[in-house]
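Report on the following structure.
The values are calculated or read from the model by the stated rules, or taken from the named source; none is laboratory data. Since the model is a prediction, treat every value here as computed from it, not as a measurement. Heads up, the Cβs are rebuilt from the backbone with ideal geometry, glycines too, and the neighbour counts pull from every protein chain shown. We work out accessible area using only protein heavy atoms, side chains counted, and drop any ligands, DNA or RNA first. Shrake-Rupley method; radii C 1.70, N 1.55, O 1.52, S 1.80 Å.
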Amino acid sequence: MQLITYIVLFGIIAYTFGFGVTLWKEKQKLSAVAVFFLCLTIIVLPFFTII
């Protein structure tokens, strides 16, 4: 079950990062930075949860 969780989490991170890259290419740099920060938060957040 934990493996499935990590696979889904990686998929969400990849999708969010790709969306940030798309925003960056469309010259919406402030929005892209916000999405990259969200992606970083998604990466770090599981390390602070109590299971």
Residues that are modelled with pLDDT of 90 or more and in contact with a helix residue (DSSP H, G or I) (Cβ under 8 Å, 6 or more places away or on another chain), drawn from segment 35-51: Val35, Phe36, Leu38, Cys39
Residue in segment 19-34 that is in contact with a helix residue (DSSP H, G or I) (Cβ under 6 Å, 6 or more places away or on another chain), part of a helix (DSSP H, G or I), surrounded by 13 or more Cβ atoms within 10 Å (Cβ to Cβ) and among the β-branched types (Val, Ile, Thr) present: no
Close pairs from segment 1-23: first within 16 Å of Ala34 (Cβ to Cβ), partner in a helix (DSSP H, G or I) and of a type in the set (S, T, N, Q), Cβ under 9 Å, at least 6 apart: Gly20/Ser31; Leu23/Ser31
Some residue of segment 8-26 being among the polar types (S, T, N, Q) and within 8 Å of the chain's Cα centre (by Cα): yes
Count of residues meeting criterion [open to solvent by less than 100 Å² (accessible area, probe 1.4 Å), of a type outside the set (A, V, I, L, M) and assigned to a helix (DSSP H, G or I)] in segment 35-51: 4
